[in-house]
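Student: Here you go, one structure.
The values are calculated or read from the model by the stated rules, or taken from the named source; none is laboratory data. Everything numeric in this text was worked out from a predicted model, so none of it was measured. Virtual Cβ from ideal backbone geometry, glycine too; neighbours counted across all protein chains shown. Protein only, heavy atoms only, side chains kept; ligands, DNA and RNA dropped before computing areas. Shrake-Rupley method; radii C 1.70, N 1.55, O 1.52, S 1.80 Å.
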Amino acid sequence: MFAEVILGGQCPAPTSDVPNTATCLDSKAICVSDGGMHKCLCPSTYYDSNGVNTGGGQCLLKKELGVYCPFDGACSDSNAICSNTKCTCKSGFYDNTGTSDTAGTCIEKKNLGFSCPNPSNSNVQSKDSCKDSFALCQQVGSTNTYTCTCTSSYYDNNGDNIQGGSCTAKVILGGQCPAPTSDVPNTATCLDSKAICVSDGGMHKCLCPSTYYDSNGVNTGGGQCLLKRQLGQSCQYNRACNDSNAICSGVCVCKSGFFDDSGTSNTGGTCLTKLSLGDVCPNTDTGVLSSEPCDDTYSTCQLETSTYRCRCTSDYYDDNGNNTSGGQCVRKVELGSVCPMQDACIKSNSQCVSDTCVCVSDYYDTNTANVSEGGCNKRKLLNAQCTERNWANYNRDQCSDQFAKCDSNGYCSCNTGYHQESSGCVANKANGDVCTGSTNDECSDTNSECRNGKCTCKTSYYDNNGQTGGGKCELINQLQVGSVVFSNIQTTGFTVSWSLPPGSLSGFVNYYTVRWTLINQENYDQSSVLSSSTTSYTVTGITPGKTYKVEIISRNTETEVNVERTTTVSKQQAAKPNMIKEITSSGNDLDVLSSGLTIRYTPGDGGKSGYNIRLFDGNTMIAEKIPGQSSTSVTIWNSNLPNNYGSLKHGYRYTVKIITKSESYDNGKKVQSDEFEAEVKTTPKLPNPPENGQCGNVLDSAITVSWDPPSVPNGDIVRYHVEVDQSSLLSTRSTDDGTTSLHVDGLEPGTSYHFRLITENEVGNSTASYYISTGCKTKAKMADAPQNLQISNISSRGFIVTWDVPFNLHSEENFGYVLQISDDTEKCVTRVLYKCSNCNLGNFSFSSLTDPCTDITHSTKTKTNNELMQAFSYTAELNPDILYTVTVSAINGAGQGYGADANKTTLEEAPQKPSITNTDVTSKSLTLTWNINGPRPGVTFYDIKLVPNEPANFIKKTVEGFNTRTFTVTGLEEFWDYNVSVIAKTSEGSMESDITSVQTLPAAPGKVSDFVATNRPGGIYTQIKVTWKAPTPLERNGIIKEYRLVHNTTQNNQWSTDVYDQHESMDYIYDSLLSVNPEMYYLIQVAAVNNANVLGKTSEILTRTPSGIPPNDVEQNGDIISFLNNVKQTEFSVLLDKDFFQQDGHGVIRATGLIGCITDKCNFNYGMSLSEFNSMTSWTISSQNGYTTYRITKSDWLDSSTRKKRQTTANMVNFPIGVDDCSNVPDNVYCNGPLSPGASYTIVAIACTSGGCLLSKPYGPFQTLKEISCDCKPDSCDSGLTAIIVGVVLGVIILVLLSYSGYVTLRLRRLSNKDQTKPPDAQQQPQYMNQLFLTAVSQSPDVENNQSSEDNYTSLNEESRDDKSTYETF
């Protein structure tokens, strides 16, 4: 007979004869294997009253939450600790019954967005169940759902609709906020409830909406959004006024050019644009003063009959007349003023022209600055000195050339936009026109210069019309990219991204170059060429940690042939540095006894500027060093440690984390490497002994001895040694490792033992020990475990348990049995106590039995001793699919004996039918909540099934877990119908809920479909046809109300918005014809608007309108070269219709001119392009080849013709051909050179756009005069006689001709009057001769057939009378 082993003592290994319940003194203890031996230990639902390391204690039932406890191991909940002698949930968990109640369960605290218990229906406070310290358990809308959400001053950085974020402090007004997303909208992140997070200056800020203003100003943070003020209300800032045309002047008042429609003395009202002369104005009874509403300073609101109108005051008159609105009040009347009548001009040599007092054409106003002092003086010739030099009242219009002015040096010089050629001012050349470079101001664009014989933009400008003429020079820096950012920063590369130049400017960039260079190392230069639509590039092959300057170069190649115009945006970025390679600390580096801990390391390759080195004890940082780039070691001293930490420990493992920093960029920014992490161990020393040793799990032959590790282990613990002392008999047992308990078995029942504990580490054993002298007595002998414990007849709702009497009761009678069933959470579900009704119990009492199942209803059954000595069975009623553990133990006088254990899992069953209880929809998601009756039927899955209307996709989501009651399905189509059901299923079957129909909420519409912009529809170059259809069904996202067409095709390139109502048919094709100018960039945008006035996604097209061959409307109405005059041997003049050259309906007219040739050598190209016209044969080449087809005119020929006053009528220009001296003109320069005498010429007019050239029909032939010669041989006749004869004959001829000339003149006048009634085709045109005098000499006149018009005659007398060449030739 052996004494029972005390709790914690070593007990003999259980056998069939001596079960594990028989040898322990404590009736609740069992003999179990522990650390290589058997000890009497408490079962899992009990704790050792003396602690695990002190023998002789007692197994007590573990404590519930809220109940007194002596130490941590005494709490029944595995997630609880003993805090202030009470079982409470540890950090990260909360008591599901509240901290004021007992018997709860520790539940893990909830992340944001997860369901939490309703605080009003439980004792759990709203702040206790949420993991985030700035979150509360709050109700979701008006539903019965509660989730963890942020408090009012914080927002969920993951969005309210996505679980698992963290609470972030809301941003004050003016502060930088994160860019809004679909999950975190622009109204969520700002502290001021009126503010919204919007993009501002390359970042996002919390700013007030348009109807509010910031009380601190837009550039000062921390203000408040206040409602803007009405007119007449007090204010402090201009921004505080709600009317966009108001300013703050103590109160909100209208700014200049506007008036308050309620009067300045009233509150409210609207700022209206001041009224023009003649406009109806408000009655003064409205509170508006008569001087307020009228725009003109010298006008007031006056009553006329029954209507108030803006009229001039008495000293002024309306320059537009009182019957026409929009005029101006002008004082009556001096030189330079508007004149109401002709005699209003008081100065000599002045006249009223176009209702203005001006000097006559050959005079100028001497003082345009002061109308009361000016006079009219004779105009000056070009380069002549201007006489008036009084600069204050200086009139620069003193010159006779209409394109000249009096310059600041006091001389007549050409106006801006003109330059001098010969004795006149000639218009500067447009871009693309041929130039000579003879003057610096030859090109019309101030940012252009003569380069390679053409007016071309300077190098810092680009031509907005490319290499096609007529463009404008714009600053090249307009083509710079914007918003340069870096991403994906790696050790050997990074990605640079940018935005294209705004609007149509991107169309002028032909390609980009990304160039990267090492800072301070100019010999490293890499680049890559990219297309003009590219917005990002990944740079590779760079050195880790080095800083680079990255340039995005916009390149324009269309301005000048073979010459690029560039503009650059640059920004710095460092590559991610490499980590250090390794830590090399060893030897004395790790001995912290007399010195600190030295951390040596090998730097990684590449650039670096320093390191961040941190030392951790577990997860706690205890020291930090920041050495420079050249450092390879740091030493951490005890003085570097926190005050509450103490000193560095011997034989201790610390974690070292090292981050390498890149070279600096952008004024000190640095990129950090990945973190290098390694463990270092300090030099070990001899350990201290264990602490807090105690006996526990006392059995009849074993005790479990437990202890705490030494607080100063000084190294790695190898094992512990336990010296057993019983009546001065010593034996030593040892653990196999650092386990802090040892099952000491082989002890005598009912015997007291002492234990001595020793620590061993890698250096050796501790010199001291810990001694246990109390609580270490083994129990009396316990009953063996029952035999043949079996579980059978297993179903989903239970099974049958059977067993036989123990092999050895260690008692004459069987006092009974304890049957206990627990589930897979070790929670008791059944406890049955069988009591002997006729046994001699002696001092034993059933009430002394330990009951671990206090939270369930017990069952007690009475049996006789004879029945208790027979085989037993018990039918258990249980739940499906749970692993149950059955424990049966016999009872003798020592209490409850060793238990027999068996476990089985009940079967699964089909689930009950679920029911949908709530549907919470957004535009893109559905949160579904359902219920299902228990118990849990097994491993349960739920299929959430969403069947949509076509063409949306069917959706099925599967979630696991019987207790799951809610799920959010995302990725739904907006404003779409779905039939929803939930299917619960196990391996035994499934059940589907009833179907619930839902519709997602509307959202902003998507892009329209079939969006097309067609240039020149029907051949009309001044139109763009825009067509589109409604968004596709899945992109409508709601009820479409209208469409907004936004475009910049209005006058002056201003933006305009057109609205189109939704047609009854969703397949309707919308179309719009937009008026445009050829050769311009236009941005066209279309977006749908739903019935909530939410603007949808914008579709846009950037298009450049083409140009085409000019239309030929003018020539269809008649000939454009109508007659010939001023004919000489080498020249003649033609009368041109100027309108032919100004037909710009198909594009800007880039070039005009005349081409000609001797009639039988003509070859006109009616498919000619602009470049072909600009490269035609010149007179110099043509004249050498017998006058083949050549270009007659220069680029400014038409302006020169107009300026030289050859204009006959408003649209007709008289142009001479063959009048220039081209003897020194290069071959490639156009010159109007002399014609061949006696030759017949054909002329064609040309007008060109960038799209091609319009050629008129051929006109002519036009005949030059023949040369007159006399072949006289001196010796063939008598010269004297010849002279006499010739003199006589000539005298007669002259007399005859003079008489005949008078007759012809009268005859021609009469014929001219008759011919005015005839169509042009009826007049004979074969010979356009106005030199009738010469005709009479060369041949007999046919007056009836040579019907020259009176205009021809007049041209001869008026235009050729000063030309003596005709008479000289005669």
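Student: How large is the charge dipole for the chain, taken about the Cα centre, if only the Cβ atoms of Lys, Arg (+1) and Asp, Glu (-1) carry charge, to the nearest 20 debye?
Tutor: Taking the Cα centre of the chain as origin, the dipole is about 1260 debye.
Student: While we're looking at this one, here's another question. Separation of the range 549-564 and the range 477-507 by C-alpha centroid, Å?
Tutor: 16 Å
Student: Between helix 1350-1359 and the chain, what is the angle of the helix's C-alpha long axis to the longest principal axis, kept within 0 to 90° and rounded to the nearest 10?
Tutor: Its long axis makes an angle of about 90 degrees.
Student: Here is a further query. Once label points are set 7 Å from the Cα along Cα→Cβ at both VAL1012 and ARG797, what is their separation, rounded to one decimal in nm?
Tutor: 7.2 nm
Student: Enter the Cα centre distance for the pair the range 1133-1196 and the range 224-265, rounded to the nearest angstrom.
Tutor: 63 Å
Student: Take every Cα pair under 8 Å in the chain that's 6+ residues apart, average their separations, divide by the length, and report that relative contact order as a whole percent.
Tutor: 8 percent
Student: Compute the relative contact order of the range 915-1032 as a whole-number percentage, counting only Cα pairs closer than 8 Å that sit 6 or more residues apart in sequence.
Tutor: 24 percent
Student: Evaluate the charge dipole of the range 663-705 about its Cα centre and quote only its size in Debye, nearest 20, assuming +1 on the Cβ of each Lys and Arg and -1 on the Cβ of each Asp and Glu.
Tutor: Dipole magnitude for the range 663-705 comes out near 220 debye.
Student: Picking from GLY668, PRO1017, ALA623, whose Cα lies most toward the positive end of the charge dipole for the chain (charges on Cβ: Lys, Arg +1; Asp, Glu -1)?
Tutor: Highest projection toward the positive end goes to ALA623.
Student: Suppose only helical runs count, i.e. DSSP H with n ≥ 4. What mean residue ellipticity at 222 nm does that imply for the chain under -39500 (n - 2.57) per run, divided by all residues and rounded to the nearest 500 deg cm²/dmol?
Tutor: Counting only the DSSP helices, I get -2000 deg cm²/dmol.
Student: Let me ask something else about it. Only sites in a loop by DSSP and with at most 15 other Cβ atoms within 10 Å count here; which chymotrypsin sites (Phe, Trp or Tyr not before Pro) in the range 621-666 make the cut?
Tutor: Within the range 621-666, the qualifying chymotrypsin sites (Phe, Trp or Tyr not before Pro) (loop, at most 15 other Cβ atoms within 10 Å) are TRP637, TYR645.
Student: Roughly how many nanometres apart are two label points built 7 Å out from the Cα toward the Cβ at GLN176 and GLU960?
Tutor: 4.4 nm
Student: Could you order peptides 982-988, 741-747 by the average number of other Cβ atoms within 10 Å of their residues, highest first?
Tutor: Packing proxy ranking, top to bottom: 741-747, 982-988.
Student: Follow-up. Show me the GluC sites (Glu not before Pro) within the range 715-808 that DSSP assigns to loop and that have at most 15 other Cβ atoms within 10 Å of their Cβ.
Tutor: GLU762
Student: Next question, about the same structure. In terms of solvent-accessible area of protein heavy atoms at a 1.4 angstrom probe, what is the ranking of PHE1164, PHE1141, PHE975, PHE2, highest value first?
Tutor: PHE2, PHE975, PHE1164, PHE1141
Student: Can you tell me the accessible area per residue over the chain, all protein chains present, probe 1.4 angstrom, in square angstrom?
Tutor: Dividing the accessible area of the chain by its residue count gives 49 Å².
Student: Then there is this: Send over the semi-axes of the range 406-514's equivalent ellipsoid, whole angstrom and largest first, taken as the square roots of 5 times the C-alpha gyration tensor eigenvalues.
Tutor: Each semi-axis is √(5λ); the values are 42, 14, 11 Å.
Student: From the cross-link list LYS549/LYS625; LYS581/LYS670; LYS956/LYS985; LYS777/LYS863, which pairs have alpha carbons spaced over 25 Å apart?
Tutor: LYS549/LYS625; LYS777/LYS863
Student: Let me ask something else about it. Using heavy-atom solvent-accessible surface (probe 1.4 Å) with all chains present, what is the largest-first order of LEU729, LEU1034?
Tutor: LEU729, LEU1034
Student: Within the set of other residues whose C-beta is less than 15 Å from the C-beta of PRO713, count the net charge using Lys and Arg as +1 and Asp and Glu as -1.
Tutor: It works out to a net charge of -2.
Student: Still on this structure, please answer the following. Could you work out how far helix 1279-1315 tilts from the main Cα principal axis of the chain, as a 0 to 90 degree angle to the nearest 10?
Tutor: 60 degrees
Student: Continuing with this model, one more query. So what is the relative contact order of the range 483-633, in percent, for Cα pairs below 8 Å that sit 6 or more residues apart?
Tutor: Over the range 483-633, the number comes to 19 percent.
Student: What's the local net charge at SER33, with K and R +1, D and E -1, over the other residues with C-beta under 11 Å away?
Tutor: -1
Student: Kindly provide the GluC sites (Glu not before Pro) of the range 797-837 that DSSP labels as loop, not H, G, I, E or B, and whose Cβ sees at most 14 other Cβ atoms within 10 Å.
Tutor: GLU812, GLU826
Student: Here's another thing I want to ask about it. Report, largest value first, the span of the C-alpha coordinates of the range 194-251 along each principal axis, in whole Å.
Tutor: Rounded to whole Å, the extents work out to 35, 20, 19 Å.
Student: Which of the following values of Rg and Dmax of the Cα atoms in Å was calculated from the structure shown: (i) 54.2, 194; (ii) 50.3, 158; (iii) 36.0, 117?
Tutor: After the calculation, the listed value that fits is (i).
Student: Taking every pair of Cα atoms in the range 570-636, average 1/r, invert it to obtain the Kirkwood radius, and report Rg/Rh to two decimals.
Tutor: For the range 570-636, the value is 1.06.
Student: With the full set of protein chains in place, find how many percent of the accessible area of the range 733-830 is carbon and sulfur; take the probe as 1.4 Å.
Tutor: 41 percent
Student: Which residue, GLY202, ASN157, PRO178, has the largest displacement toward the positive end of the dipole of the range 90-207 when charges sit on each Cβ (Lys, Arg +1; Asp, Glu -1)?
Tutor: Of GLY202, ASN157, PRO178, it is GLY202.
Student: All other residues with a Cβ under 15 Å from the Cβ of ASN588 taken together, and with Lys, Arg as +1 and Asp, Glu as -1, what is their net charge?
Tutor: +1
Student: In whole angstrom, note down how far apart the Cα centers of the range 160-195 and the range 755-814 are.
Tutor: Distance between centres, Cα-based: 60 Å.
Student: Of CYS1222, LEU1235, SER536, which is farthest along the charge dipole of the chain in the positive direction, counting Lys and Arg as +1 and Asp and Glu as -1 at C-beta?
Tutor: SER536
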